[in-house]
1. Residue pairs, Cβ under 7 Å, 6 or more apart or interchain, first in region 32-43 and in contact (Cβ under 8 Å) with a residue 12 or more places away in the chain, second of a type in the set (Ser, Thr, Tyr). List them.
2. Could you tell me which residue of region 125-166 is modelled with the lowest pLDDT, considering only residues that are closer than 21 Å to Ser208 by Cα and of a type in the set (S, T, N, Q)?
3. Checking the conditions here, which among Arg108, Arg137, Arg94 is more than 22 Å from Asn286 (Cα to Cα) and touching a residue at least 24 places away in the same chain (Cβ under 8 Å)?
4. Checking the structure you have, find out if any residue of region 156-174 is on the phi > 0 side of the Ramachandran plot, part of a loop (DSSP other than H, G, I, E, B) and not assigned by TED's automatic domain parsing to the domain that holds Ala308.
5. Being assigned to a helix (DSSP H, G or I), of a type in the set (A, V, I, L, M) and under 24 Å from Ala214 (Cβ atoms) is the filter here, so list the residues in region 233-253 that pass it.
6. Would you mind stating whether Ala133 is aliphatic (A, V, I, L, M), part of a helix (DSSP H, G or I) and farther than 28 Å from Leu305 by Cβ?
7. Does any residue of region 80-88 turn out to be closer than 18 Å to Asp5 by Cβ and either under 25 Å from the mean Cα position of the chain (by Cα) or not assigned by TED's automatic domain parsing to the domain that holds Val120 (or both)?
8. Taking Ala56 as the residue in question, decide whether it is touching a Phe, Trp or Tyr at 6+ places or on another chain (Cβ under 7 Å), at negative phi and surrounded by fewer than 18 Cβ atoms within 10 Å (Cβ to Cβ).
Amino acid sequence: MDLRDLRIFVAIAETGSLVASAKILHSSPPSLSARLKDLEGEFGTQLFDRQARGLALTEQGRELLAHAYAILKLSEDAKASMLSSGKEPVGNVRFGVPGSLVGLLTVRLIETCQKKLPQVRLRVVESMSGYIASWLREGTLDAALVFGGGAATDKSASLQPIAEEDLYVSTYDPRAVAPHLTSAGEIRLRDIQHLRLVMPGPEHGLRSLLEATARRHAIPLNVVIELDASPQIFEMVRRGHGVTIGSLAARDASANANAAGGVKLHSFRVIDPGVTRTVYLATPLNRPSSRATMAVAQTAVDTLLSLADTEEWKARRLC
């Protein structure tokens, strides 16, 4: 097996077709079929199920695909590092960002990298912290931001704390929370039990954090709608189905979109006790990070720290 075999395998896995893969690789279907047969013989297992609609990965094929992505990326990184030694960083970087930070960070990060790192091709991947940590471990991502909790205890990653954020109750109708506000315009955790909540599902880190904190204080939560898509959560809140809880960063894109239509999102900090999350920069321990990856990671950290003191986020710097 060599790198070309892995590239052939990845192309077939992504297209599900020998014909389509042959066009991409400037080869012929019989040639690719022969290389695939040799690869399956070397591993002693079937990597694809041959179906009427094409080729579908077997369980063993899916396992190999994760390794193939990581190996090919390491090869690309090694080449880029050697070619760019003493020069500007060069290469492809896949950077993970939790959904609640996407609106705040992504556009700024991409624009800054385009200016400062013109030889780096950046791909930003959005998902929940748990998935991001898994993809980082498997080599699908090169570096990422994750929140505290399960993702931040992953022993396969080096974790650098960046900032700590508070959670807020957000609503387009402040009358819904007015009876429960303190004189300072904040809301005590125990009073959240009186609110109808629109929240992500139980697997989401934010939901887990909120429920764990509420259980410790014997406070029931009234979650009436579960959605794992942030824009739709805010849309349901806008339509009057309840309130939501999250960081100021999470509300950024939805708040701006609705503000343009004359609708204002109001947010009230949760106190007594407050509910906080730590944002970490995660880089893998099971493989070296390229110069391009580290340059993008540092740019992400610098960008987040520059936003920590703003009204958009109101986070506390930890580095």
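The values are calculated or read from the model by the stated rules, or taken from the named source; none is laboratory data. Note that this is a predicted model, so its numbers are computed, not measured. In this analysis, Cβ positions are derived from the backbone assuming ideal geometry, glycine residues included, and neighbour counts consider all displayed protein chains.
1. Leu32/Ser21
2. Thr153
3. It is Arg108.
4. no
5. If the condition is that a residue be assigned to a helix (DSSP H, G or I), of a type in the set (A, V, I, L, M) and under 24 Å from Ala214 (Cβ atoms), then Ile233, Met236, Val237 are the ones that fit.
6. No.
7. Looking only at region 80-88, we keep the residues that are closer than 18 Å to Asp5 by Cβ, and these are none.
No, there is no match, as no residue in region 80-88 is closer than 18 Å to Asp5 by Cβ and either under 25 Å from the mean Cα position of the chain (by Cα) or not assigned by TED's automatic domain parsing to the domain that holds Val120 (or both).
8. yes
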